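Notes follow the structure.
The values are calculated or read from the model by the stated rules, or taken from the named source; none is laboratory data. All of these numbers come straight from a predicted model, not from anything done at the bench. Glycine gets a Cβ as well: all are built from the backbone with ideal geometry, and neighbour counts include every protein chain shown. Heads up: the accessible areas ignore ligands, DNA and RNA and are worked out on the full protein's heavy atoms, side chains in. Shrake-Rupley method; radii C 1.70, N 1.55, O 1.52, S 1.80 Å.
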Amino acid sequence: MGVAGPFPGYAGRPPGPVMDRDEADRALARLGAEHEAIETSLLALQDHAGRRLLEGADLTGVTKERWASTEQSITLLWGYFDAYAGALAEARAVRAGRRHPNRDDMVVLTELLRGQGVTVAHAAGLPDPSVTGPAKLSERFTLEELVARMNDLYARSLDMVVASDSVWSALPARIDLLAAELHRTRSLAHSVGVRPGEHPAGDDLEAITHELTTLRVQVISDPLAFWLSGPGSSAPGGGRPDTTRYDRAARALDDVRREIEAVLAVRQDAEQRLVHLRDVLSRADRTLTEARSARGEVLAKIAATEVPAVSGPATALQERLAAASEYRRHAQWHRLSPLLETLEREAEEELLRARESLTAVTAPLAVRAELRGRLDAYKAKVARHRMAEDPLLIERYDAARRMLWSAPCDLRVATQAVLRYQEAAAELLSQRRTSGPEDRR
């Protein structure tokens, strides 16, 4: 429910010369309008939903302390208002006594309207000194001072009521919606075997449940603990609810929900992923078998070469793959999900290591094949230039060929033999260019 703004300030002049009849009539009219505005604001505060909730709530903490002070302020406000209304009624009675008041009447009216003619007694119990200043049995005010005092008390009371109501309007409903989403997520988690003590996401759900329960109780009992006042704002209720803890719980629930969705995805494509894993590990085993066979061939055909050892099959991965199949068979999706992700990564790494091992083992054979190809290429080049029958080239070619096609092959010596053949061929070709034109037929 909306509440009227602060009371209008008293605009009368300080006590001075005696007022005339017109001045008094204008002042009474103004005071009557102020009286109605004050009464409207106080009634609106009295009917404010936040105030009614505060009266019926079991408050704690800073809200309990602030509400005790605010209740005193509201009680004091009505006392001030009654005194204000009484002074106004007395002034109206004096003015109504005569159609043309005499000087004595005007002196009384001037005192009532401009002087400290309003006395407020505190016989029913002294108010909190933080509300009215040092405690007094009674106080005297001008009407202007009384309105200023009521404005201050009203603004402070309204600020407390509006802040509490804002927190109660914003947070409990959002907490309840998040709790409903939490309940649905827990049901989904249980359906795939995610439970506290068995899966980290289950423990997270328990922690979020406890946090939301605690948060709701604290918001209901101490709303001002979750209120952030706006910087530089003097208007009642200037600020916003503090949603830090709620936002943190909402983010945590989103993380858990994504993890549950990942588990559900595992349930849908687990068999396909297991088949792919078996295929990757099978290719890795075949590659290692090929590498071991190639290593034996290299050791038999290549001499004086360091050949790296080849590791055995990935037995540990095969065992974990069997465990993953068991998890799928028994619908333990929460266990299968992280295991599949790990196995997929490690299986690809195992296949890469097997390929690297095959490459490293067969490197000497690749070098021999490259030397053979280079030797034949130079022989063909020499033949095109009609120098294949040169005795030196024949001798060096035969020497290199014997080394490359014999077992075991010493790659270092064979490389030198191929280089000597290349050098001899290059030298003859150079001499041929400088000795005369080349037959292009």
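Worth pointing out:
- Our estimate of slack between GLU144 and GLU306, defined as 0.36 nm per intervening residue step minus the Cα-Cα distance, is 47.8 nm.
- Surface accessible to a 1.4 Å probe, LYS379 within the full protein complex, Å²: 90 Å²
- Computed from the Cβ-Cβ distance with R0 of 35 Å, the FRET efficiency linking GLN431 to TRP405 stands at 0.75.
- Hydrodynamic radius of segment 381-426 per Kirkwood, over alpha carbon pairs, in Å: 10.8 Å
- Charge context of LEU171, other residues only, Cβ under 14 angstrom, K/R +1, D/E -1: -1
- Shown for segment 136-201: the carbon plus sulfur share of the solvent-accessible area, taken with all protein chains present and a 1.4 angstrom probe, equals 55%.
- Fully extending the segment from GLU90 to THR40, taken as 0.36 nm per residue of separation minus the present Cα-Cα distance, adds 15.9 nm.
- Taking all protein chains together and a 1.4 Å probe, the residues GLU211, GLU297 rank GLU297, GLU211 from largest to smallest accessible area.
- Taking a sphere under 12 Å around the Cβ of LEU419 and counting the other residues whose Cβ falls inside, with K and R at +1 and D and E at -1, yields a net charge of +3.
- Label separation (ALA68 vs SER187): 4.5 nm, computed from points 7 Å beyond Cα along the C-beta direction.
- Tensor-based shape of segment 288-441 (alpha-carbon gyration tensor, a/c under 1.5 rounded, otherwise prolate or oblate): prolate
- Legend: calculated FRET efficiency, GLU326 to GLN218, from the Cβ-Cβ distance at R0 = 56 Å, rounded to 0.05, equals 0.75.
- With all protein chains kept in place, the per residue accessible area of segment 232-357 amounts to 56 square angstrom at a probe of 1.4 angstrom.
- Per-residue extension of 0.36 nm, minus the Cα-Cα distance of ALA366 and ARG345, leaves a gain of 4.5 nm for this segment.
- Among the protein heavy atoms of segment 337-441, carbon and sulfur supply 52% of the accessible surface, probe 1.4 Å, non-protein parts ignored.
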